[in-house]
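Note sheet for the following structure.
The values are calculated or read from the model by the stated rules, or taken from the named source; none is laboratory data. Since the structure is predicted, the reported quantities are computational estimates derived from the model, not experimental observations. All Cβ positions, glycine included, derive from the backbone under ideal geometry; neighbour counts span all protein chains shown. In case anyone asks, the SASA skips ligands and DNA or RNA and just uses the protein heavy atoms, side chains included. Shrake-Rupley method; radii C 1.70, N 1.55, O 1.52, S 1.80 Å.
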Amino acid sequence: MYPFPQSVTPAIRSHMDAQTAFLNDMSKSLFQSFQQACELNIRLVQTLMEEGTLAGKQVLSADRQSEVFAAAAVRAQPTSEKLRAYQQHIARLAADAQAELARVTEQHVQNTSRTARALVDEVARTNAEETERNIRTQQEALRSAVDPFARANGAAEAAMRGDGEQQRSHPAPGQTADKGQGSRMTGSPAH
């Protein structure tokens, strides 16, 4: 009913296992990189919130307008340095993630390639066997379509000879046993 066999061959199983291991390791390293980036973002937001809170307290506690501008100017420099450090951390995380992905890929590429080659070889072998089987089936169907009366053991010719002699020696009910004379009465006109 199905064009493909239902069983899972060892080549398919080993290739799927290799692919699964590769994808698992890739997802682990991507998740770790994402987790590190999230932690960095959380630390940056916490730091900026703390400094914003301190700056807000200084602004609210200032008596003069010049103290407000001085407090804002003092906080601007450390914030820009922290953003620059954040960019460096993000760049380092991206480089580390790329190196980790390259390591995982290099680790799994040989095994995955080997199992893929084995799978292709098995599919090609199975395909060749199925093709040969289908060709034989079609050739047998053509032979029987060309000579529908031929039988595998040569019984067709014997059956044709035997049936004809059998009909002549054993007449059907209502026929006479006189071979070739017919059942017409002499002297009666034929219609």
Next item on the list: Among the numbered conditions (1) under 21 Å from SER29 (Cα atoms); (2) modelled with pLDDT of 90 or more, tell me where ARG117 comes up short.
Entry: (1)
Margin query: If a residue must be of a type outside the set (D, E, K, R), open to solvent by less than 70 Å² (accessible area, probe 1.4 Å) and touching a helix residue (DSSP H, G or I) at 6+ places or on another chain (Cβ under 8 Å), how many such residues does region 53-93 contain?
Written below: 11
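Taking the options VAL74, VAL104, VAL123, name whichever one is modelled with pLDDT under 90 and within 30 Å of THR9 (Cβ to Cβ). Quick ask: steps written out before the conclusion?
On the way: VAL74 fails: within 30 Å of THR9 (Cβ to Cβ); VAL104 fails: modelled with pLDDT under 90.
Within the list VAL74, VAL104, VAL123, the selection yields VAL123.
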Notebook entry, point to check: Which pairs do you get when a residue that is closer than 20 Å to ALA37 by Cβ, found in region 98-114, comes within reach of a residue that is open to solvent by 60 Å² or more (accessible area, probe 1.4 Å) and modelled with pLDDT of 90 or more, reach meaning Cβ atoms under 8 angstrom, with the pair 6+ apart or on two chains?
Noted result: GLU100/GLN32; LEU101/LEU30
Check: Exactly one of (1) assigned to a helix (DSSP H, G or I); (2) within 30 Å of THR115 (Cα to Cα); (3) open to solvent by 50 Å² or more (accessible area, probe 1.4 Å) is unmet by ALA11. Its number?
Finding: (3)
